[in-house]
Structures are given as C-alpha cells and as structure tokens.
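Here is the structure we will look at, set down as structure tokens.
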Amino acid sequence: MLGSLTVTKAAATHHLHSRVSIAAHLFTTHKPISVSPQLGSISLNKRTITSSSHWNSGPVRAMAEAGTVAEAKAGVHSSGSGVKQALISLSDKHDLALLGKGLEALGYSIVSTGGTASALEEAGISVTKVEELTCFPEMLDGRVKTLHPSIHGGILAKRDQEHHMEALNKHGIGTFDIVVVNLYPFYDKVSSKSGITFDDGIENIDIGGPAMIRAAAKNHKDVLVVVDSKDYADLLEFLKSGKDDEQFRRKLAWKAFQHVASYDSAVSEWLWKQTAGDKFPPSFTVPLSLKSSLRYGENPHQKAAFYVDKSLSEVRAGGIATAIQHHGKEMSYNNYLDADAAWNCVTEFEDPTCVIVKHTNPCGVASRDNILEAYRLAVRADPVSAFGGIVAFNVEVDEALAKDIREFRSPTDGETRMFYEIVVAPKYTEKGLETLRGKSKTLRILEASKNEKGKLSLRQVGGGWLAQDSDDLTPEDIQFNTVSEKTPIQSELSDAKFAWLCVKHVKSNAIVIAKNKCMLGMGSGQPNRVESLRIAFRKAGEEAKGAALASDAFFPFAWNDAVEEACQNGVGVIAEPGGSIRDADAIDCCNRYGVSLLFTNVRHFRH
C-alpha cells in the first residue's frame with residue numbers, strides 16, 4: 001500500500017541503513033509509516049514521532065532520536081555526499097533574497113528557521129525548515145528551536161576527525177558548511193524612545209542565535225560564519241572562487257565573536273541598570289565600533305582610528321562622536337579632541353555663546369544676545385591663538401554669522417582673514433551652510449547635539465582605566481559664598497560665575513579673567529598657579545581692572561603670591577573653591593585690598 005511499510009524487528013536490526021529509506025519514504029509521500037505490532041507500534045509523520053514503551057530502545061526509536069528522518073528529507077547530510085548545506089536564521093533580513101539566490105545558484109541546500117524560511121520561500125528559494133531536520137517542533141514560544149544535536153552537531157563536527165564524522169553518521173546528522181545568523185534586536189528594543197518593560201527586555205535576549213554563531217566561529221576551519229549583511233557579497237565571491245582562504249575564515253570568525261560580545265555587553269549593561277546597583281559595576285565591557293581610520297594619531301608617526309561608543313548609555317546622548325560632518329577634510333585625531341573640548345564648553349552656556357579652542361583649551365569665550373558680537377569678542381580675546389583654532393556656537397549658524405566667520409579679519413593686522421580648522425554648531429540654515437562651504441574646501445563643518453549630563457567619564461592609564469562621573473556642575477548648581485568684607489555687586493557676581501564656568505574647561509593649573517560675559521585672558525597647564533595667573537593677566541592687559549578672576553583650585557598661599565598679585569592687578573572679585581589651610585590669609589589679603597572673595601566649595605581640576 002502506498003505510503004505504508006511493514007518492518008520486522010529482525011529486519012530492522014540487521015538493516016539499520018533501511019531507516020534512511022523509511023525516512024525518505026515519509027518525506028517523499030508525506031504519509032504515515034506503519035510498523036508491525038511485533039515491533040511495537042510507531043507512527044511517523046513529517047513533524048511528530050510516537051512509540052510504545054515496547055520499542056523505546058529499538059532501532060526505529062534510535063532512528064527518530066538521531067534525526068535520520070530529517071537526513072532522508074534533505075538527502076544531503078553526510079559530508080561524503082558532496083552536497084553543501086547552509087543554515088540561515090535572521091532577525092534582520094536585509095538582502096536575504098540576494099544571499100539565498102546566490103547560495104542556491106552555487107548548489108547549496110538551505111536550512112532555515114521560522115520567519116527566515118518564510119521569507120526565503122516567498123523569494124522563490126527552496127528551503128528546509130529546521131523542525132523538519134530535527135523532527136522536533138519549535139517550543140516554549142520560540143525559546144527552543146535550534147538548540148538540538150542535529151543542528152549543533154552539524155556545525156561543530158571537525159571534518160578531518162574520523163571519529164567526529166562517524167558520530168554524525170551513526171546518528172544521522174549532516175554537516176553545515178555555512179552559518180548565517182544575526183540576533184534578536186535587543187539593543188534597539190531596550191534603547192527605543194518608547195521604552196520597554198523588564199519582561200519584554202528579557203524575551204528579546206537571544207539564546208539560540210549566539211549559540212549557533214559561537215559554534216560556527218569556533219569551527220571556522222570547516223564552517224563559514226556570517227553575522228553582517230555587508231559580508232554577503234564577499235561570501236558569495238569567496239565561494240565562487242573555489243579557493244580556500246584561512247584569513248578570510250578567521251576574519252569572519254573574529255567578527256562573529258565580536259558581534260556576540262557586543263550583544264552580550266548590551267544585555268549586561270541593561271541588566272545592571274535594572275538591579276539599581278552601584279554606578280561602577282565590578283566589571284563591564286565598552287563596545288566600540290570603528291567609525292573611521294585616521295591619517296595618523298596625535299603625531300604623524302602614530303597610527304590611529306576613531307571609534308564610536310555603542311553603550312546603551314550613549315544612545316541619543318549627544319557629543320562629537322555622533323556629529324554630522326557637512327563639509328571639509330576628514331577629521332584628524334587632534335581635530336576630534338579639539339572639537340570635543342570646544343563643544344563641551346560652549347554647550348554649558350545658556351546665553352548665545354561663541355567658544356574658540358586651541359589645543360583643547362578655550363582661548364576665547366563670549367556670550368551676547370547678538371551672536372555676531374559674541375563671535376567677534378571671542379576672537380579678540382586672543383586672535384593669535386584663535387587663528388587655526390576651532391570655533392563653536394550654541395545657537396544656529398545663519399547666513400549673517402556664516403559671512404562673518406568667512407570674512408572677519410584678524411584684529412592683529414585688520415587684513416588677514418581668520419582661518420579655522422572646524423566650525424561646530426547645533427544646526428545651520430541652508431544659506432548659512434552654503435556660505436560657510438565657500439570659505440574653504442578644507443573647513444570641517446560639524447553639526448552636533450549636546451552631551452547629556454550624568455555620563456560616565458573614562459580615561460586610560462597604563463594597564464587600566466579610570467572611571468568617574470562627568471563634571472556637569474554649572475554655576476546654577478552651586479553656591480558662591482562671600483567670605484570677604486566686601487560683597488560683590490550683581491555685575492561682579494555675574495562675571496565671577498562666567499569666569500568660573502570658563503575655568504572649568506581650562507587645563508590645570510587654570511586661571512581665567514572675565515568681564516561682561518567675555519573671557520579676557522586665561523593661563524593654563526602651568527605647574528604652579530602663580531605662572532598661570534601671570535599669563536592670564538598678560539593676555540587681559542588693562543581690561544583686567546575691575547574684572548572677575550576664577551581659579552580651578554584653591555590658592556595655597558596668598559601674601560606675596562597669587563592672591564596678592566591678583567589684588568594688586570586690580571581685579572574686583574575672586575572666585576575659588578577654598579579649602580586651603582591658609583584660607584584665612586586669602587581672606588585677609590582680599591580685605592586689605594578691598595577685593596570680594598567667593599568660595600564655591602567646588603574644585604575643577606582638569607588634567
């Protein structure tokens with residue numbers, strides 16, 4: 001009778017190879033198989049197997065558990081058959097049809113899961129579903145579908161190990177030559193603007209996918225593993241060439257392990273945040289993605305590259321790393337450092353502000369209701385340093401501002417056009433962008449979004465990393481406590497707050513002199529505070545009279561030292577953290593000279 005077969009126990013015992021014929025019959029006819037009562041009844045259809053207890057250890061049971069039904073269905077399972085197999089399971093199905101048709105044209109039989117299999121079939125590509133191979137249905141709401149010896153045995157078996165291949169043959173398991181897998185979109189789900197519940201987050205953690213990727217990557221000598229649709233074309237070209245390339249295989253394996261590592265780091269980061277644990281976990285991973293190779297590093301003899309931080313905490317968190325470059329030469333290592341310094345500084349100001357940076361230090365800062373005026377004042381603060389620097393704005397750059405940036409002449413001679421490496425702003429008008437592009441072919445024009453507060457700041461030292469909260473405090477977050485006899489008037493207090501915000505972004509030891517929301521002079525990076533103070537006064541000149549002076553840290557000495565020199569140079573108010581054992585000397589000195597002294601109780605070291 002068509003679709004029916006009777007087998008005796010003896011025959012089955014002596015002819016185990018006939019199990020393949022049984023299975024082939026099953027999947028060719030899609031009809032049940034009947035086995036005589038003497039053997040114990042077993043009913044086989046395309047997806048289910050049942051048997052009586054009389055035959056649990058018999059050959060037909062072994063046939064079912066070994067997955068030989070699936071072996072016959074595919075008809076290509078042993079490596080000796082010469083037929084090639086690819087396993088495909090994708091959440092992101094970009095270019096799936098291209099891949100499937102390419103593999104099919106090269107003679108590959110394709111095994112796939114759920115939605116991927118359906119998409120392949122819709123594209124007219126022949127596919128075997130995983131459950132047909134394993135003879136086991138998807139279960140637990142999809143949590144278990146590929147975690148099966150028929151899958152992982154076919155991936156992990158070493159083809160040059162005879163006992164591995166014998167084990168596969170014994171259990172009717174075929175080999176896979178290619179594994180193409182990407183993972184549930186956990187990162188996108190938990191970082192979405194709409195948010196996600198804890199339970200939904202857990203359900204979006206992929207288990208089977210990473211297991212297959214890791215298995216294939218471990219056995220990359222025999223299995224090509226692909227996790228990125230950008231590699232489909234290279235994979236197909238590699239296969240068409242007919243040549244093997246150990247380096248190609250290793251590169252794909254590296255990418256696979258890196259893909260899983262980044263995925264796991266996102267899961268780990270997310271779960272740590274759900275525990276309401278300390279901000280500094282016992283261990284953590286920072287996933288970095290290459291954005292660009294740089295011409296060189298800090299110096300021409302140093303090789304360099306730029307990476308974007310793909311941590312969940314950086315999603316929509318702003319910063320120079322995610323800035324859009326509208327024009328100009330490619331960014332350099334030092335360009336990134338300077339642009340970052342300028343952008344971090346300018347975005348701290350509430351009023352329309354221009355900041356000019358050179359070698360990560362602000363050399364010009366000015367705030368005005370009229371941004372054109374702010375720009376010109378920022379240049380005039382130190383036009384020599386501003387030339388070749390980075391200009392940053394916290395407001396939109398329109399055509400009028402762009403023209404001024406393009407045409408403004410250096411205050412040093414009134415003739416030389418100011419030259420800049422980078423302009424960075426939160427946005428540009430169409431005309432503003434067009435005008436700036438006309439200034440220079442090399443001018444880099446960046447559009448950035450403000451850094452969010454509360455980020456973790458990381459810095460490398462030899463053999464380790466330092467982690468700290470970012471320095472997010474602004475004048476509105478602290479108290480400026482008057483400790484001198486003279487109380488500053490409102491304009492002096494405003495100048496002190498402005499200078500304090502500027503000095504926060506200057507390298508220590510740092511001194512800033514400011515007046516009328518304009519930085520007049522700054523001293524930075526000196527081993528002693530007195531030298532930084534003298535540099536700042538030299539730059540400020542006579543305008544320092546009645547101005548505010550801010551120091552990033554306390555003054556260790558007052559008399560015949562920095563505090564007294566500041567008073568003698570005519571400043572009206574000094575803002576410093578306080579905390580020195582000689583604070584009383586600083587207070588007495590300011591009282592003698594009639595200068596207001598403010599303690600902030602906040603230090604702003606920047607190394």
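The values are calculated or read from the model by the stated rules, or taken from the named source; none is laboratory data. Please read all numbers here as calculations on a predicted model, not as lab measurements. With ideal geometry, Cβ positions are generated from the backbone for all residues, glycine too; neighbour counts draw on all protein chains shown. Remember, those area values only see protein heavy atoms, side chains included, never the ligands or the DNA or RNA. Shrake-Rupley method; radii C 1.70, N 1.55, O 1.52, S 1.80 Å.
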Inset, instruction - Just flag the GluC sites (Glu not before Pro) in region 410-475 sitting in loop per DSSP whose Cβ has no more than 15 other Cβ atoms within 10 Å. - result: GLU415, GLU452
Inset, instruction - Taking amide H positions as placed in the peptide plane 1.01 Å from N, state which residues far from LEU294 in sequence (5 or more) or on other chains have amide H under 5 Å from it. - result: ALA304, ALA305, PHE306
Legend entry - Relative contact order of the chain, defined on C-alpha pairs under 8 angstrom at six or more residues apart (%): 7 percent
Inset, instruction - Choose one of LEU236, VAL226, PRO210: the residue whose Cα lies farthest towards the positive end of the charge dipole of region 189-243 (beta-carbon charges +1 Lys, Arg; -1 Asp, Glu; about the Cα centre). - result: LEU236
Legend entry - Gyration tensor (alpha-carbon) shape descriptor, region 247-303, a/c threshold 1.5: oblate
Inset, instruction - With r as the distance between the Cβ atoms of GLU246 and ARG538 and R0 = 60 Å, compute the FRET efficiency 1/(1 + (r/R0)^6) and round to 0.05. - result: 0.40
Legend entry - Dipole moment magnitude, nearest 20 debye, region 537-607 about Cα centre, only Lys, Arg, Asp, Glu C-beta charged: 200 debye
Legend entry - Check: region 368-514 dipole with +1 on Lys, Arg Cβ and -1 on Asp, Glu Cβ, in debye: 500 debye
Inset, instruction - As a check on your grasp of the helix formula, calculate [θ] at 222 nm for the chain: sum -39500 (n - 2.57) over DSSP H runs of n ≥ 4, divide by the residue count, round to the nearest 500. - result: -11000 deg cm²/dmol
Inset, instruction - Using θ = phi - 60° and the Karplus relation 6.51 cos²θ - 1.76 cosθ + 1.60, list the HN-Hα couplings for region 146-157 in order, rounded to whole Hz, with x at every Gly or Pro. - result: 10, 7, 8, x, 5, 8, 6, x, x, 8, 8, 4
Legend entry - Filtered trypsin sites (Lys or Arg not before Pro), region 188-287: DSSP coil and at most 10 other beta carbons within 10 Å: LYS193, LYS243
Legend entry - List ASP351, ASP234, ordered by accessible area with a 1.4 Å probe, largest first: ASP234, ASP351
Inset, instruction - Report, in whole Å, the centroid distance computed from the Cα atoms of region 221-269 and region 375-431. - result: 47 Å
Inset, instruction - Sticking with the crude label model, points 7 Å out along Cα→Cβ, report the distance from ASN516 to TRP559 in nm, one decimal please. - result: 3.8 nm
Legend entry - Among beta bridges that DSSP assigns inside the chain, antiparallel share in %, nearest 5: 60 percent
Legend entry - Cα-centre dipole for the chain with unit charges at Cβ (Lys and Arg positive, Asp and Glu negative), debye to 20: 1700 debye
Legend entry - Listed residue (THR197, ASN299, ASN182) projecting farthest to the positive dipole end of region 180-301, Cβ model: ASN299
Legend entry - Carbon/sulfur fraction of accessible area - the chain, other protein chains in place, 1.4 Å, %: 50 percent
Legend entry - Shape category assigned to region 255-399 from the gyration tensor of Cα positions, a/c cut at 1.5: prolate
Legend entry - ³J(HN,Hα), Karplus 6.51/-1.76/1.60, whole Hz, each residue of region 196-210, x for Gly, Pro: 8, 6, 4, 5, 5, x, 4, 5, 8, 7, 7, 10, x, x, x
Inset, instruction - Can you tell me the FRET efficiency between GLU237 and SER118 if r is taken as the Cβ-Cβ distance and R0 is 35 Å, rounded to the nearest 0.05? - result: 0.80
Inset, instruction - Please check which bits of region 123-151 a label hung off LYS218 would reach, taking the label as a point 7 Å along Cα-to-C-beta and the cut-off as backbone N under 17 Å. - result: 146-151
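For region 234-371, what relative contact order do you get, as a whole percent, if you take Cα pairs closer than 8 Å and at least 6 residues apart?
Reported relative contact order: 14 percent.
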Legend entry - Between 0 and 90°, nearest 10: helix 18-29 axis offset from the chain longest Cα axis: 70 degrees
Legend entry - Degrees, to the nearest 10: 529-540 long Cα axis against longest axis of the chain: 70 degrees
Inset, instruction - Collect residues whose amide H, placed 1.01 Å from N in the peptide plane, falls under 5 Å from the amide H of VAL180; neighbours closer than 5 in sequence don't count. - result: LEU87, ILE88, SER89, VAL226
Inset, instruction - Determine the gain in length on full extension of the stretch THR275-GLU396; use 0.36 nm per residue of separation and subtract their C-alpha separation, reporting nm with one decimal. - result: 39.5 nm
Legend entry - Solvent accessible area, Å² - ASP188, 1.4 Å probe, full protein context: 100 Å²
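Considering only protein heavy atoms, what per residue accessible area in square angstrom results for the chain with a 1.4 angstrom probe?
49 Å²
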Inset, instruction - May I ask for the angle, rounded to the nearest 10°, between helix 490-503 and the longest principal axis of the chain, with both axes built from Cα atoms and the value confined to 0 to 90°? - result: 50 degrees
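Decide, for region 407-503, between rounded, prolate and oblate: order the square roots of the alpha carbon gyration tensor eigenvalues as a ≥ b ≥ c, take rounded if a/c falls under 1.5, and otherwise choose prolate if a/b is larger than b/c, else oblate.
Oblate, since a/c reaches 1.5 and b/c is not below a/b.
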Legend entry - Amide H contacts of LYS84 (H built 1.01 Å from N, under 5 Å, at least 5 apart or other chain): SER109
Inset, instruction - Calculate I(q)/I(0) for the chain by the Debye formula, one identical point scatterer on each C-alpha and no solvent, and give its log10 at q = 0.10 Å⁻¹ to two decimals. - result: -0.93
Inset, instruction - Please tell me the relative contact order of region 116-230 in percent, rounded to the nearest whole number, where contacts are Cα pairs under 8 Å and at least six residues apart. - result: 26 percent
Legend entry - Residue-wise HN-Hα coupling along region 330-337, computed from phi with Karplus coefficients 6.51, -1.76, 1.60 (Hz; x: Gly, Pro): 5, 5, 9, 4, 5, 4, 4, 5
Legend entry - Selected from PRO475, LEU456, GLY432, residue furthest toward positive end of dipole (region 405-475; charges at beta carbon): GLY432
